[in-house]
1. Roughly how many debye, to the nearest 20, is the charge dipole of the chain about its Cα centre, given +1 on each Lys and Arg Cβ, -1 on each Asp and Glu Cβ, and no other charges?
2. Just to be sure I follow the definition: excluding the sites themselves, where is the longest run in the chain that has none of the trypsin sites (Lys or Arg not before Pro) in a DSSP loop with at most 15 other Cβ atoms within 10 Å?
3. When the Karplus curve 6.51 cos²θ - 1.76 cosθ + 1.60 is applied with θ = phi - 60°, which whole-Hz ³J(HN,Hα) does each residue of region 146-156 get, with x for Gly and Pro?
4. Treating only the Cβ atoms of Lys and Arg (+1) and Asp and Glu (-1) as charged, compute the dipole magnitude of region 2-76 about its Cα centre; round to the nearest 20 debye.
5. Give me the distance between the Cα centres of region 69-123 and region 138-216, rounded to whole Å.
6. Nothing charged except the Cβ atoms of Lys and Arg (+1) and of Asp and Glu (-1): what's the magnitude of the dipole of region 88-200 about its Cα centre? Round to the nearest 20 debye.
7. Placing +1 on the Cβ of each Lys and Arg and -1 on the Cβ of each Asp and Glu in the chain, which of PHE63, VAL101, PRO41 has its Cα farthest towards the positive end of the resulting dipole?
8. Compute the length gained on full extension between LYS127 and ASP152: take 0.36 nm times their separation in residues and subtract their Cα-Cα distance, giving the result in nm to one decimal.
Amino acid sequence: MIRLHHVPLGRSFRVMWLLEELGCDYEVAYYSIRDGSMRTPDFLALSPAGRVPALEWHDEVLFESAAILQMLCERHGALQPEPGDPQRARYLEMLSYSETVGCLLENLNLNRVFLRDPAQASPVVIKLLTARLRSALGAMEARLAGEYLLEDGFSAADIMFAYGFELARYYVHLDAFPGLMTYWERLQARPAYQRAKARDGVQDLYDRDFYPLPEG
Ligand SMILES: N[C@@H](CCC(=O)N[C@@H](CS)C(=O)NCC(=O)O)C(=O)O
């Protein structure tokens, strides 16, 4: 039995996409960050910090997207360079770097989307976080050499990173990163990505397509 605990457009989408790439059969339990469903004792027993993803994998329960991706790749012997492979270090670097991007997005979300009173948001912090996000993406634009993050082809590192790139569009103009845009279009064409998108659900995080920088 595989059950993914998921928020539409949340980091749990990474796991959903990988499960589709691996051809797994899985159930989805849907949550919202806004309705308290992630603070129930039942959910906290699965994910102590009340976060998604959490994955029930037969008789195990795991949280943290990078760890879940890593576990799934290991169990399937797929979509990651094995220990000892020359691409392994770059792969691990990209798994972690994706959460550098993820944390910037999370802090932008807190300031721009989740505060009940928008007046509590800090324009200075928003500008700083947006600049840091732009620079984190710029570093990847310069790094991207071939079709995917690793020379050997598509891997779970692409899933980790591309999820953040998809969300960054709410805060930065992605046409500033033409290399990443081409890469992103290539990933979106993958049948497994499209199957995952069909199961993602309706997001209730963002209420507009783009959040421009505050005035001043
Ligand atoms: N580093 C964790 C972060 C998980 C995380 O923060 N997930 C968000 C959704 S993208 C969440 O569940 N937030 C709920 C909350 O902050 O209450 C991972 O990659 O799994």
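1. Here the chain has a charge dipole of around 600 debye.
2. 35-115
3. Whole-Hz 3J(HN,Hα) from phi for region 146-156: x, 6, 10, 5, 9, 4, 6, x, 4, 8, 4.
4. I would put it at about 380 debye.
5. 12
6. Dipole of region 88-200, to the nearest 20 debye: 240 debye.
7. Among PHE63, VAL101, PRO41, the one farthest towards the positive end of the dipole of the chain is VAL101.
8. Using 0.36 nm per residue and subtracting the Cα-Cα distance, I get 5.3 nm.
The values are calculated or read from the model by the stated rules, or taken from the named source; none is laboratory data. What you are looking at is a predicted structure, and each value in this text was computed from that prediction instead of being measured. Virtual Cβ from ideal backbone geometry, glycine too; neighbours counted across all protein chains shown. Ligands, DNA and RNA are excluded from the accessible area calculation, which covers all protein heavy atoms including side chains. Shrake-Rupley method; radii C 1.70, N 1.55, O 1.52, S 1.80 Å.
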